[in-house]
Amino acid sequence: MKIAGWVLSGLIGLFLAIASAAPKFMGIAAATDAMEVVGWPLKYLVLIGCIEVGCVILFLIPRTALLGAVLTTGLLGAALAANLRVDNPLFSHTLFSIYLGVAVWVALWLREEKLRSLFPLVK
């Protein structure tokens with residue numbers, strides 16, 4: 001289970017770093033267009049990318065993984081709210097934050113025995 005948790009954590013980290021933060025740092029149209037759709041000024045693009053990278057780093061370090069998961073959940077909640085506010089498609093855009101957030105917590109649950117004992121799948 002622990003290996004599966006680390007594999008899933010690595011995939012989440014790669015996704016957030018490469019598919020989400022990197023386009024913000026490079027100013028790629030996919031990132032700038034998304035910011036314009038939700039009504040956020042482009043001046044926050046790099047800041048949001050830095051926050052994403054910071055959350056990923058905290059999530060991938062075992063001692064700070066719980067803090068990273070909590071902060072990532074907050075970040076994803078903000079993304080959900082922004083997409084919901086502008087009435088983006090529900091299942092592909094708005095709920096994607098929920099899908100990713102569940103994956104973050106499943107990965108952490110698989111990685112951490114203490115978390116599994118606190119929230120057992122079955123008793």
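The values are calculated or read from the model by the stated rules, or taken from the named source; none is laboratory data. Since we're looking at a predicted model, the values are computed, not measured. In this analysis, Cβ positions are derived from the backbone assuming ideal geometry, glycine residues included, and neighbour counts consider all displayed protein chains.
Test residue 109 against the stated conditions and say whether it is surrounded by 15 or more Cβ atoms within 10 Å (Cβ to Cβ) and over 28 Å from residue 45 (Cβ atoms).
Against the criterion (surrounded by 15 or more Cβ atoms within 10 Å (Cβ to Cβ) and over 28 Å from residue 45 (Cβ atoms)), residue 109 qualifies.
Has the stretch 69-78 got any residue that is among the aliphatic types (A, V, I, L, M) and within 18 Å of residue 4 (Cα to Cα)?
There is at least one residue in the stretch 69-78 that is among the aliphatic types (A, V, I, L, M) and within 18 Å of residue 4 (Cα to Cα).
Looking only at the stretch 63-116, count every residue that is modelled with pLDDT of 95 or more and of a type in the set (Lys, Arg) and tell me the total.
Selection size over the stretch 63-116: 2.
Please specify each residue of the stretch 31-49 satisfying the condition of being among the hydrophobic types (A, V, I, L, M, F, W, C), free of Cβ contacts under 8 Å to residues at least 24 places away in the same chain and surrounded by 13 or more Cβ atoms within 10 Å (Cβ to Cβ).
31, 34, 35, 45, 46, listed by residue number.
State the number of residues belonging to the stretch 83-97 that are surrounded by fewer than 19 Cβ atoms within 10 Å (Cβ to Cβ) and either polar (S, T, N, Q) or in contact with a Leu (Cβ under 7 Å, 6 or more places away or on another chain) (or both).
2
Across the stretch 50-69, what is the total count of residues that are without any contact (Cβ under 8 Å) to a residue 40 or more places away in the chain, among the aliphatic types (A, V, I, L, M) and surrounded by 17 or more Cβ atoms within 10 Å (Cβ to Cβ)?
Residues meeting the conditions: 4.
Between 28, 12, 3, which is under 30 Å from residue 114 (Cα atoms) and free of Cβ contacts under 8 Å to residues at least 12 places away in the same chain?
Residue meeting the stated conditions: 3.
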